[in-house]
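The values are calculated or read from the model by the stated rules, or taken from the named source; none is laboratory data. Quick caveat: nothing in here was measured; it's all calculated off a predicted structure. Cβ coordinates were reconstructed from backbone atoms using ideal geometry, including for glycine residues, and neighbour counts include every protein chain displayed. Areas reflect the complete protein model, heavy atoms only, side chains present, ligands, DNA and RNA absent. Shrake-Rupley method; radii C 1.70, N 1.55, O 1.52, S 1.80 Å.
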Amino acid sequence: MYHRVIHKTDYIYQEAVSLCHNIVRLTPRSTNKQFCKSSVIKIVPEPDVLIEYEDFFGNKLVYFTIEKEHKKLSVHVTSEIEKLLPANERPPQNNPVTWEETCLLTAASANGLTDVKQFIASTPMTEADDAIEAYAKESFPQGRPLYEGCKNLMNRIFADFKFQAGFTTISTPLSVVMKERKGVCQDFAHLAIACLRSLGLPTRYISGYIETIPPPGVEKLVGVDASHAWFAVYIPNSGWVEFDPTNNLIPDNQHIAIGWGRDYADITPLKGVIMSSGKHELRVSVDVRRVR
């Protein structure tokens, strides 16, 4: 199965910008579940400096600067991804390892899981208060298999919280999301991560896309697919297992990962600094389409 993703970001400035520095994280990773065949970035105006590299987590980045006046910045990324079937993967739903056993294993000092342990500590975006800790414990009674507990937590977030675009921003505290029971995919991923890390479980934030499929007989609209976020938990003998609490799904062929980190701040799609005194308008369009 192949997908083409076209992600368009346009900034329209009220006043001319004389200088900007930007970092783009919009190149999908190649993993055991997907292969990024190509990813082409088009930037207008043409950058004066452009450098490609990988960050600490292995995500692909593009850093660029524009050193001439401009009133519009366009960053358009077109990627082609092949979805893969992981070889010799043990079904995680049959994994009996408990959440307590996972905590003990990942807390041990000499087990070679350094890359896993870095996803246990909370961050400002994933800090759990008493209400979040209590919510987490409901899904993890003593002796429960980790996969079963994570799936139950995903089910509960989907049932208990309402998706409401515009209710939160990326700076809205999780305590507000928890109290109001509203938010968007980034909030629900952060909430799940806060719950799991409060128990000492390694959990990472995944940024990417989800393909939307229209009802039979209805033509798919262009640009209505959205950037998406979900989470993954490390389960011994199964590796990193993904969960999508916004849609109550175990990610499969419709999910395309750009990359991951401890939270949204580690995998922000596009961020930068500009020299300008005016306001700006942001337009974002994402289209995910199966090409064969």
(request) Could you check how many residues of the range 248-263 are in contact with a strand residue (DSSP E or B) (Cβ under 7 Å, 6 or more places away or on another chain) and either over 24 Å from residue 62 (Cα atoms) or not assigned by TED's automatic domain parsing to the domain that holds residue 114 (or both)? (result) 4
(request) Test residue 110 against the stated conditions and say whether it is at pLDDT 95 or above and of a type in the set (A, V, I, L, M, F, W, C). (result) no
(request) Check 205, 209 and return the single one that is hydroxyl-bearing (Ser, Thr, Tyr), more than 20 Å from residue 136 (Cβ to Cβ), assigned by TED's automatic domain parsing to the domain that holds residue 165 and buried (at least 23 other Cβ atoms within 10 Å of the Cβ). (result) 209
(message) Among the residues of the range 157-175, are any open to solvent by less than 40 Å² (accessible area, probe 1.4 Å), free of Cβ contacts under 8 Å to residues at least 24 places away in the same chain and assigned to a helix (DSSP H, G or I)?
(response) no
(message) Residue pairs, Cβ under 6 Å, 6 or more apart or interchain, first in the range 76-95 and more than 27 Å from residue 26 (Cα to Cα), second at pLDDT 90 or above and outside any loop (DSSP other than H, G, I, E, B). List them.
(response) 92/147; 92/235; 92/241; 93/147; 95/147; 95/235
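Results for (1) surrounded by 15 or more Cβ atoms within 10 Å (Cβ to Cβ); (2) small (Gly, Ala, Ser); (3) within 30 Å of residue 290 (Cα to Cα), shown as yes or no for each residue.
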residue: 90; (1), (2), (3): no, no, yes
residue: 93; (1), (2), (3): no, no, yes
residue: 99; (1), (2), (3): yes, no, no
residue: 108; (1), (2), (3): no, yes, no
residue: 113; (1), (2), (3): yes, no, no
residue: 116; (1), (2), (3): yes, no, no
residue: 128; (1), (2), (3): yes, yes, no
residue: 131; (1), (2), (3): no, yes, no
residue: 134; (1), (2), (3): no, yes, no
(request) Output the residue which, of all residues in the range 250-278 that are assigned to a strand (DSSP E or B) and open to solvent by 20 Å² or more (accessible area, probe 1.4 Å), is farthest from residue 70 (Cα to Cα). (result) 260
(request) Please work out which residue is farthest from residue 236 (Cα to Cα), limiting yourself to the range 136-151 and to residues that are outside any loop (DSSP other than H, G, I, E, B) and open to solvent by less than 40 Å² (accessible area, probe 1.4 Å). (result) 136
(request) Within the range 100-127, work out how many residues are outside any loop (DSSP other than H, G, I, E, B) and either polar (S, T, N, Q) or on the phi > 0 side of the Ramachandran plot (or both). (result) 4
(request) Could you check how many residues of the range 19-40 are under 30 Å from residue 277 (Cα atoms) and open to solvent by less than 50 Å² (accessible area, probe 1.4 Å)? (result) 7
(message) Need pairs with beta-carbon distance below 7 Å; first residue within 19 Å of residue 113 (Cβ to Cβ) and within the range 224-249, second in a loop (DSSP other than H, G, I, E, B) and of a type in the set (S, T, N, Q); sequence gap 6+ or separate chains.
(response) 235/95; 237/95; 238/95
